[in-house]
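Structure, as structure tokens:
The values are calculated or read from the model by the stated rules, or taken from the named source; none is laboratory data. What you see is a predicted model, and the numbers here were worked out from it, not measured in a lab. Virtual Cβ from ideal backbone geometry, glycine too; neighbours counted across all protein chains shown. To get the accessible areas, we keep the full protein, side chains included, count just its heavy atoms, and leave off ligands, DNA and RNA. Shrake-Rupley method; radii C 1.70, N 1.55, O 1.52, S 1.80 Å.
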Amino acid sequence: MRTFYINGKIITMEEAGELYVDAVCVENGRIISVGKRDTVLELKRTGDKIIDLQGNTMLPGFIDAHSHFIGTANAMTQCDLSFCENFTDIIQTMKKFKEKRMLSDEDWIIGSNYDQNFLQEGKHPDKTVLDKISTTNPILLVHASSHMGVTNSKGLEIQKIDEKTQDLDGGKYGRILGTNIPNGYMEENVFLEFQSKVPMQSIETLISCIEEAQKMYASYGVTTIQDGMVGKPLFQLLQYAASTNKLYLDVVGYADIMTAGEIFEEQPMYANQYHNHFKLGGFKIFLDGSPQGKTAWMTKPYENEKEYRGYPIHSDDELTKYIRLALDKKQQLLAHCNGDAAAEQYVSMFMNVLKERKEKDLFRAVMVHAQLVRKDQLERMKKIGMMPSFFVVHTYYWGDIHLKNFGLERGSQISPVKDAVDLQMKYTFHQDTPVVPPNMMLTISSAVNRISKTGQTIGHNQCVSVLDALKAVTTYAAYQYFEENEKGTIAKGKYADFVILDKNPLKTKKEEIADIKVVMTIKENKIIYENGERENESAK
């Protein structure tokens, strides 16, 4: 049976062919014809289906270039603190959450998405604040950046953290002033180590949340998702979800290169190929922290700081070892780099390793976030084929904080997408979900307008056209995944992955782009989201 899509504005995103077409024909989940209405409808047979787009706009399905899929699913079991304005709000919200979830006095209570930048106290809470929630329950608050967090006295006790506990390279504990006693605050590597020891939810709960997370992504038009840091336990969960047919969106996992370096040999079924909608796409590494959390590694001090520049996660020698490992295994490497010092380390070490080798292929290495990458660094990235993936919606959520942390000159130039456009680079956009929702239209609006939540312009010189913004979540995102022959445009032979919008973003006032709604999301010709209702059925 064939399906025909007609009576809408169909934007193919094809650079070499027609940008707009009248109709699309799909069979067995693949596009078999694209073009003029009468020509495409010549393929119609008795019993075939027609979907009337009713004047809406159809685009290739949006592709998430970087997020944490399992983290997003897990966050659905946590208490959302994003609307808390002060410590009292946090305490009351967490107490209500414990009561609503009927947690015992031994259960962990986990809250997420607090941000000290927006709290009235202007600082992180500490264990004394969290002890007001409970002294019997262990408690963990996860910062909005996911790079830092806070625990209470019980949490410190359970994980045996006290004044004798030492900081780790690339991470540190907060201490009570004038002492070595931990105050409950943790950042970067020490936070990640603490978080890894918190018990996971039951497999039944996580699988249910995995299904809900897919519905949430689909509601924003996303048909391909990334899990950007897969250790072996998370791989086992994703493998189980795939083997039990719980995945209906494509999920691309990137293995933690520090702990899962042999996973491609151990799991060849998933190595660079989908099996029940899941594949391993390469490796991931962290090189620094968060710009809004002031742990991103900078070449010059933060604004109003004499010396402090943030700090690295790895030494040059360590990073070089991991780059060699990825290249030896012929795998793509994604590196989290926010500060320009982290960007410099990544580019320089990659160039040094390439000089050692006859083969110069870096397998489309990606600099994830690239918040404060400089133009001279982008120029060097282009020379070796390294892609930036910009967290450009930061201009909306934290643009004002960046101006405060870095000053006008540096802060206004975060996510320098126009520099990448001018250099004719391929680039992608992402939301790092669960840090922020995978709202592609808000992200496109942010790249086009660069206006913060308070209405402040964040580097007007870095604004790009709507078409260039759309490329970042369609054609270029498919290229990042080595899937340019399968996804990213509406063309014959590619998957029937579509998003249908209520307005044409190329014809909408740029100030109104963020208000464009997703009418329908289609994955391989199956409707998975429609008019506010999430479904998983064949198009009809």
#### Entry: Hits in the range 242-262 - residues which are assigned to a strand (DSSP E or B) and not β-branched (Val, Ile, Thr)
Asp250, Gly253, Tyr254, Ala255, Asp256
### Task
Hey, can you tell me all the residues within the range 157-204 that are free of Cβ contacts under 8 Å to residues at least 40 places away in the same chain and among the polar types (S, T, N, Q)?
Gln159, Thr165, Gln166, Thr179, Asn180, Ser196, Ser202
### Query
Restricting the range 478-514 to residues that are of a type in the set (A, V, I, L, M, F, W, C) and under 21 Å from the mean Cα position of the chain (by Cα), which is farthest from Val466 (Cα to Cα)?
Phe482
### Query
Hey, among the residues in the range 66-94 that are closer than 15 Å to Ile210 by Cβ and among the hydroxyl-bearing types (Ser, Thr, Tyr), which one's farthest from the chain's Cα centre (by Cα)?
Thr77
### Task
Sort out which residues of the range 96-112 are of a type outside the set (A, V, I, L, M, F, W, C) and surrounded by 22 or more Cβ atoms within 10 Å (Cβ to Cβ), and write them in order of number.
Gly111, Ser112
### Message
So Glu15 ticks every box in (1) over 19 Å from Thr474 (Cα atoms); (2) under 29 Å from the mean Cα position of the chain (by Cα); (3) open to solvent by 40 Å² or more (accessible area, probe 1.4 Å) but one. Which box is left unticked?
### Response
(1)
### Task
Return the total of residues in the range 113-156 being open to solvent by less than 10 Å² (accessible area, probe 1.4 Å), hydroxyl-bearing (Ser, Thr, Tyr) and in contact (Cβ under 8 Å) with a residue 60 or more places away in the chain.
1
### Query
Taking the stated definitions as given, is Ser82 open to solvent by less than 20 Å² (accessible area, probe 1.4 Å), closer than 29 Å to Ala472 by Cα and among the small types (Gly, Ala, Ser)?
no
#### Entry: Residue among Ser446, Ser465 that is closer than 15 Å to His369 by Cα, small (Gly, Ala, Ser) and modelled with pLDDT of 95 or more
Ser446
### Query
Do we find that Ala242 is more than 20 Å from the chain's Cα centre (by Cα) and open to solvent by less than 10 Å² (accessible area, probe 1.4 Å) in this structure?
yes
### Query
When you go through (1) surrounded by fewer than 24 Cβ atoms within 10 Å (Cβ to Cβ); (2) more than 22 Å from Asp316 (Cα to Cα) one by one for Glu356, which number turns out not to apply?
(2)
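Results for (1) free of Cβ contacts under 8 Å to residues at least 12 places away in the same chain; (2) open to solvent by 30 Å² or more (accessible area, probe 1.4 Å), shown as yes or no for each residue.
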position	(1), (2)
Tyr20	yes, yes
Ile32	no, yes
Asp52	no, yes
Met58	no, no
Ile70	no, no
Asn74	no, yes
### Query
In the range 27-63, what count of residues is obtained for those that are in a strand (DSSP E or B), of a type in the set (D, E, K, R) and under 30 Å from Ile444 (Cα atoms)?
2
### Summary
Exactly one of Gln332, Gln267, Gln273 is open to solvent by less than 80 Å² (accessible area, probe 1.4 Å), touching a Lys or Arg at 6+ places or on another chain (Cβ under 7 Å) and at negative phi, and that residue is Gln332
### Query
Looking at the range 282-319, which of the residues that are open to solvent by 20 Å² or more (accessible area, probe 1.4 Å) and not in a loop (DSSP other than H, G, I, E, B) is farthest from Glu265 (Cα to Cα)?
Asp316
### Message
It is to be established whether one or more residues within the range 204-211 are assigned to a helix (DSSP H, G or I), polar (S, T, N, Q) and surrounded by 15 or more Cβ atoms within 10 Å (Cβ to Cβ).
### Response
yes
